[in-house]
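Student: I'd like to ask you about the structure that follows.
None of the figures in this text is laboratory data; all of them are computed from the coordinates on show. Keep in mind that what you see is a predicted model, and the values were worked out from it rather than measured. When we count neighbours, we look across all protein chains shown, and the Cβ atoms used for this are built from the backbone with ideal geometry, even at glycine.
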């Protein structure tokens, strides 16, 4: 209803209930600015996933180091996948290596990493995409083919 204040958001981010913290992330775009990054360290993976999504959607460049950490090290694959997607959406060069390394993770994360690489260019990215043409998963192979067929303006 657009009536939340910054103190409401701060309270929601610190709430005992994971559902409240997750809801705050899901509504982040319509809430007053606040430090959602702290929830990337939340004990509940559902909160971390929602936070990573919100940060990616908002283009939060200041969250890139924390998102890199989640993408590399989080125990929950959905958190890693969402962090990779967020990094791709933000498009910061600091995330390039992490996204390329995610091409060696589970199949869902490999697919997401390929999509994330669409925001990056260069020989290293092109080679990483070409390497996925022989992936054991057909959807990963298809995503790699699709990316390689994109015009030079989209994939430098």
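Student: Within segment 44-58, name every residue whose backbone N is under 17 Å away from a label modeled 7 Å from Cα of residue 19 along the Cβ vector.
Tutor: 44-48, 50
Student: Note the full-extension length gain between residue 58 and residue 107 as 0.36 nm times their separation in residues minus their Cα-Cα distance, in nm to one decimal.
Tutor: Stretched fully, the residue 58-residue 107 segment lengthens by 15.0 nm.
Student: Let me ask something else about it. Would you calculate a helix-derived [θ] at 222 nm for the chain, using -39,500 (n - 2.57) for each DSSP H run of n ≥ 4 and dividing by the full residue count, to the nearest 500?
Tutor: -17000 deg cm²/dmol
Student: Between residue 137 and residue 11, what FRET efficiency follows from the Cβ-Cβ distance if R0 is 41 Å, with the result rounded to 0.05?
Tutor: Plugging the Cβ-Cβ distance into 1/(1 + (r/R0)^6) gives 0.40.
Student: In addition: Under a 10 Å cutoff between Cα atoms, tell me which one of 134, 98, 82 has the largest fluctuation in the Gaussian network model of the chain.
Tutor: 134
Student: Now for a separate question. Helix 77-90 against the longest principal axis of the chain: what's the angle in degrees, Cα atoms only, rounded to the nearest 10?
Tutor: So the inclination is approximately 80 degrees.
Student: Only one of the listed values, (1) -0.69; (2) -0.59; (3) -0.45, was derived from the coordinates as log10 I(q)/I(0) by the Debye sum over Cα atoms at q = 0.11 Å⁻¹; which label is it?
Tutor: Entry (3).
Student: Restricting to Cα pairs below 8 Å that are 6+ residues apart, what does the relative contact order work out to for the chain? Please round to a whole percent.
Tutor: Contact order relative to length: 14 percent.
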